[in-house]
């Protein structure tokens with residue numbers, strides 16, 4: 001069990017008791033929602049982050065803690081599914097859609113950039129093959145069938161190349177694509193947000209095109225009989241180089257020790273993936289010791305790396321491509337002003353002598369590419385790393401990124417037709433162009449859904465009404481409107497009213513078209529088919545012992561709990577074994593019923609809500625993008641019409657991508673999120689267990705997603 005869970009259990013239980021003591025009782029006689037509305041603190045409005053969190057999330061938190069007492073992996077998954085049901089019922093966020101499920105064109109054979117069942121398609125340029133010509137619909141669909149036929153044989157990529165060659169395609173060794181922003185740091189281990197660290201730092205193991213985990217910087221590994229010790233054998237003769245390709249150090253097992261300590265020192269969110277798993281790590285993270293040698297990672301010698309776990313971890317190897325497993329050259333880091341130790345790191349990064357990660361010239365590389373240029377809003381360029389251990393098998397020798405903020409859909413389409421881009425997803429405007437010029441029937445295919453989920457978040461603790469970073473996206477709400485909307489968003493019934501009033505299909509139709517508007521809709525947080533029980537499991541569903549047989553999908557258990565709690569939304573399609581492809585939330589009748597309960601609660605607190613005095617909610621949107629503008633109008637229209645004008649959605653213009661990102665992404669804390677509803681950033685999986693998603697809902701800033709509630 002993670003240390004954060006242990007440390008919070010007692011404190012948060014007390015907060016929950018105090019919060020519930022202040023709760024109102026509205027809504028107990030209706031099956032629409034079965035939990036109490038938001039708690040009231042002195043003065044009527046909750047201001048304490050802990051109380052806000054537990055008022056909304058206590059049921060989730062308790063159920064999630066119970067999952068870590070499970071005796072088997074399957075029981076753990078079943079209990080996590082119950083916890084997810086509680087999260088969805090809270091209404092703090094509502095699922096919208098996933099990536100994929102859209103019309104696309106490609107120059108890359110199906111899954112040739114890497115794939116994992118729990119990750120979806122990868123973009124590993126070093127194993128990618130790219131055709132000069134756009135792959136036709138017929139040939140792409142043939143490659144999809146080929147992948148399913150050949151997966152597991154180790155022959156798919158070469159077979160795809162052979163087939164395409166026979167069909168007259170030619171291949172390029174240069175990838176040209178686009179980018180819309182430059183990350184804030186090149187220190188990937190400190191929560192750096194540059195988009196492509198895997199090109200520069202290699203991993204112990206990596207997934208190939210057939211979803212197989214294959215050796216990279218490790219040549220092999222073994223696991224002790226008790227499942228607690230993983231020993232990796234490091235590839236010899238690998239060099240660290242600078243951005244010019246000059247050798248700066250030899251790669252050794254100690255570089256993983258240095259990398260993990262730096263992740264911990266910098267407070268990277270990825271460190272919590274190993275919290276409670278790696279022996280001694282929690283004590284270091286939470287300041288019980290400053291001696292990192294007590295942590296269960298050790299360089300036995302230059303080429304033997306050992307991890308010691310606190311308990312068996314069935315998904316440990318699926319984590320191996322996560323940031324917390326990235327090596328870092330200890331000697332190079334120290335040469336750039338780097339230091340080890342949490343306090344020492346905090347002091348060092350404030351000094352002018354700390355240069356590590358400040359740009360592409362101040363990191364050491366051991367991956368397939370070097371970055372030679374970064375020019376914001378212009379270009380980014382990679383070249384092949386000649387010192388890379390597998391350089392002879394890297395087909396793509398250069399990667400060139402051209403800046404495109406997405407404001408001109410015609411330019412993006414024309415650029416792709418002229419060779420810019422490996423894969424292109426077509427929005428409605430581009431789809432119309434493709435149909436008119438004959439390219440739709442010739443080149444377009446439907447891309448599969450992926451594991452990422454985009455949720456609409458409701459900010460219960462909004463504290464800013466203009467972007468912190470640039471002062472843009474200024475709210476026009478009065479002080480009274482701010483107070484009312486804050487109270488409303490802390491009310492579960494009001495949040496569910498919003499969730500039920502969003503016509504997701506109409507929203508996605510603006511980007512994907514009418515034909516595909518349901519395909520990418522996702523109704524759960526964790527994909528419903530993410531895992532399936534490995535054995536029969538009996539768990540309590542509201543006091544009734546319920547047995548789920550081996551093979552039961554995670555989403556089926558979520559639905560069982562939702563149904564038992566009396567909520568009307570659907571997250572699981574039992575016939576098709578999926579949580580995708582339908583809208584199980586949108587229902588105007590349910591939205592109105594929840595709104596009536598919320599209005600009664602707010603009236604009891606002294607707030608009038610009516611058509612003359614609606615709750616005003618700010619939604620920042622990309623005014624420079626036609627598709628985003630259309631989606632914003634749909635969102636505003638469906639909410640206002642469903643809720644009878646008693647909620648007004650104020651569309652706040654973001655004039656460029658920087659303003660947009662500063663409203664909800666480029667933020668240091670939940671306190672800087674500048675919206676009432678929004679935060680539509682994708683959340684994906686870091687490893688093959690539902691915990692990879694659900695940990696994002698933990699409090700005190702350790703939950704990467706929960707900040708979108710305006711907390712921590």
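Observations on the model:
- Of the residues making up segment 324-359, those that are at pLDDT below 95 and within 22 Å of residue 239 (Cβ to Cβ) are 325, 326, 357, 359.
- Condition check for residue 113: in contact (Cβ under 8 Å) with a residue 24 or more places away in the chain, assigned by TED's automatic domain parsing to the domain that holds residue 493 and in contact with a strand residue (DSSP E or B) (Cβ under 8 Å, 6 or more places away or on another chain): no
- Counted residues, segment 346-397 - those being part of a strand (DSSP E or B) and either more than 20 Å from residue 183 (Cβ to Cβ) or touching a helix residue (DSSP H, G or I) at 6+ places or on another chain (Cβ under 7 Å) (or both): 5
- Of the criteria (1) surrounded by fewer than 21 Cβ atoms within 10 Å (Cβ to Cβ); (2) under 21 Å from the mean Cα position of the chain (by Cα); (3) over 17 Å from residue 688 (Cα atoms), which one residue 264 fails: (1)
- Meeting the requirement of 2 or more residues that are in contact with a helix residue (DSSP H, G or I) (Cβ under 7 Å, 6 or more places away or on another chain) and surrounded by fewer than 20 Cβ atoms within 10 Å (Cβ to Cβ), the helices (runs of 4 or more DSSP H) wholly within segment 614-712 are 626-642.
- In segment 572-611, the qualifying residues are those that are within 18 Å of residue 91 (Cα to Cα) and part of a loop (DSSP other than H, G, I, E, B), and the one that is nearest to the chain's Cα centre (by Cα) is 579.
- Residues in segment 289-331 that are assigned to a loop (DSSP other than H, G, I, E, B) and more than 18 Å from residue 118 (Cα to Cα): 14 in all.
- Pairs are defined by a Cβ separation below 6 Å, a sequence spacing of at least 6 or placement on different chains, a first member in segment 73-88 that is free of Cβ contacts under 8 Å to residues at least 60 places away in the same chain and in the same structural domain as residue 551 (by TED's automatic domain parsing), and a second member that is in a helix (DSSP H, G or I) and buried (at least 24 other Cβ atoms within 10 Å of the Cβ); no pair meets this definition.
- Residue that is farthest from the chain's Cα centre (by Cα), among those in segment 213-235 that are assigned to a loop (DSSP other than H, G, I, E, B), exposed (fewer than 15 other Cβ atoms within 10 Å of the Cβ) and touching a residue at least 12 places away in the same chain (Cβ under 8 Å): 226
- Residue within segment 288-310 that is within 27 Å of the chain's Cα centre (by Cα) and at pLDDT below 95 present: no
- The number of residues in segment 491-542 being in contact (Cβ under 8 Å) with a residue 40 or more places away in the chain and part of a strand (DSSP E or B) comes to 5.
The values are calculated or read from the model by the stated rules, or taken from the named source; none is laboratory data. Computed from a prediction, not measured in an experiment: that's the story for all the values here. With ideal geometry, Cβ positions are generated from the backbone for all residues, glycine too; neighbour counts draw on all protein chains shown.
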